[in-house]
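These notes are about the structure you will find just below.
The values are calculated or read from the model by the stated rules, or taken from the named source; none is laboratory data. Computed from a predicted model, the values in this text were never measured in an experiment. All Cβ positions, even for glycine, are placed from backbone atoms using ideal geometry, and neighbour counts span all protein chains on display. Surface areas here come from the heavy atoms of the whole protein model, side chains and all, with no ligands, DNA or RNA. Shrake-Rupley method; radii C 1.70, N 1.55, O 1.52, S 1.80 Å.
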Amino acid sequence: MNEFFAWLREYHVLLSCLFGASALMFVGSLIAVPWLVVRIPSDYFVNRRRFLDRWQPRYPWLRIALVTAKNIFGIILILAGVAMGFLPGPGLLTFIAGVTLVDFPGKFAFESWLVRRRPLLSTINRMRRRAGRTPLELPPPAVKDSD
């Protein structure tokens, strides 16, 4: 037992920093996740036309910086969401918010699959309703051919 307390005393600065970062991520996710969820366009999953990047031709360096920052923030949210699976916090919503920010192949199909989970969709739409936004529109599920 004395070894444990000696270890705590030896690493108290590191443990304090980890605790502070954890608390900051928890509070940040409680603020950021609802903010991100209500800003998803209601027709995001039914509209085939994606965001048109107006800045790319004029400011390519700025676009690279913004896309890099967006992806890093998304990865941080994904990691925080996974951690909140074991710790207190809105883990699944934080994970989803991170996935929406990170660019990867098959992202849209994965997002659609995740949002179709009934508990998640009802939570997202409840948050949107409280913010005065319309619920997310989803295309009808694909019908599998049973031949």
(message) Could you work out the relative contact order of the chain? I mean the mean sequence separation of Cα pairs under 8 Å and 6+ apart, divided by the number of residues, in percent.
(response) 28
(message) Rounded, prolate or oblate for the chain? Axes are the square roots of the Cα gyration tensor eigenvalues, ordered a ≥ b ≥ c, and the cut-off for rounded is a/c under 1.5.
(response) prolate
(message) I'd like the FRET efficiency for Leu8 and Glu111, computed as 1/(1 + (r/R0)^6) with the beta carbon distance as r and R0 of 35 Å, rounded to 0.05.
(response) 0.25
(request) Determine, for each peptide in 96-102, 28-34, the mean count of other beta carbons within 10 angstrom over its residues, then list the peptides with the highest first. (result) 96-102, 28-34
(request) At a 1.4 Å probe radius, which order do Met84, Met1 fall into by accessible area, largest first? (result) Met1, Met84
(request) With everything on Cα atoms, drop me the angle between helix 91-101 and the longest principal axis of the chain, reported from 0 to 90° to the nearest 10. (result) 60
(request) Just reorder Glu10, Glu137 by solvent-accessible area, largest first, 1.4 Å probe, all chains present. (result) Glu10, Glu137
(request) May I ask which residue of Pro140, Ala83, Leu101 lies farthest towards the positive end of the charge dipole of the chain, with charges of +1 (Lys, Arg) and -1 (Asp, Glu) on Cβ and the Cα centre as origin? (result) Pro140
(message) Using the Karplus curve 6.51 cos²θ - 1.76 cosθ + 1.60 with θ = phi - 60°, what ³J(HN,Hα) values do you get for each residue of segment 112-129, in whole Hz, with x for Gly and Pro?
(response) 4, 4, 5, 5, 6, 5, 3, x, 5, 4, 5, 5, 4, 5, 5, 5, 5, 4
(request) At 7 Å along the Cα-to-beta-carbon direction for both Arg63 and Ser42, put a label point, then send me their distance in nm to one decimal. (result) 3.1
(message) Only four residue types carry charge here, +1 at the Cβ of Lys and Arg and -1 at the Cβ of Asp and Glu. Report the dipole size of the chain about the Cα centre in Debye, rounded to the nearest 20.
(response) 740
(request) May I ask you to give the solvent-accessible area per residue for segment 1-138, in square angstrom, as obtained with a 1.4 angstrom probe? (result) 71
(request) Heavy atoms only, probe 1.4 Å: what % of the accessible area of the chain goes to carbon and sulfur, would you let me know? (result) 68
(request) Can you tell me the 0 to 90 degree angle between the C-alpha axis of helix 12-38 and the longest principal axis of the chain, rounded to 10? (result) 20
(request) Could you tell me how many degrees, from 0 to 90 and to the nearest 10, lie between the Cα long axis of helix 60-83 and the main elongation axis, the longest principal axis, of the Cα atoms of the chain? (result) 60
